[in-house]
Amino acid sequence: MVWGGIVGNRKTDLVILQGNINIQRYVADVLNAYALPFTHQHGPGVTLMQDNARPHVARVTTQFLQQNNVNVMPWPSVSPDLNPIEHIWDQLGRKARANHQIDNVRDLTRALQQE
């Protein structure tokens with residue numbers, strides 16, 4: 001899983017998690033570790049945009065976000081074409097493949113971070 005956040009010209013580090021992402025891991029390793037500090041640092045006007053993947057819409061996740069006063073953009077189901085970040089991920093992947101030799105996950109991680 002790859003995660004990153006942008007507000008204006010401020011951005012998080014690119015977060016790359018190995019393996020399957022379940023609800024508990026998403027809350028602990030992404031939201032609590034990265035999204036929550038980022039949204040709190042950059043003020044109450046920050047809105048989290050995520051798609052409708054199961055870890056994103058699970059009751060545990062929505063409760064965590066509500067308890068921590070994180071605004072979440074409402075998102076229609078099955079609508080990846082409306083999500084601008086999907087186009088950015090595609091462009092990032094294309095640049096990584098064009099500019100780097102990628103033979104394994106470590107190479108891919110390094111290429112994505114450099115791009």
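Just so you know, all these numbers are worked out from the coordinates, no wet-lab data involved. Remember, it's a predicted structure, so these values are computed and weren't measured experimentally. Because the Cβ atoms are built from the backbone with ideal geometry, glycine has one as well, and the counts that use them run over all protein chains shown.
Quick notes on this one:
- Sequence-distant residues sharing a close amide H with V72 (under 5 Å, placed H): L48
- The calculated pair-distance distribution of the chain uses every alpha carbon pair, bins of 5 angstrom beginning at 0, and gives 2, 10, 20, 22, 22, 14, 7, 2, 0 percent.
- V72/N22 FRET efficiency (R0 22 Å; Cβ-Cβ; nearest 0.05): 0.70
- Relative contact order computed over the range 21-98 (Cα-Cα under 8 Å; 6+ residues apart), in percent: 31
- T12 paired with R110, simple spin-label distance in nm, labels 7 Å along Cα-to-beta-carbon: 2.5
- Comparing N68, T47, Q113 along the charge dipole axis of the chain, the residue lying farthest to the positive side is N68, per the Cβ-charge model.
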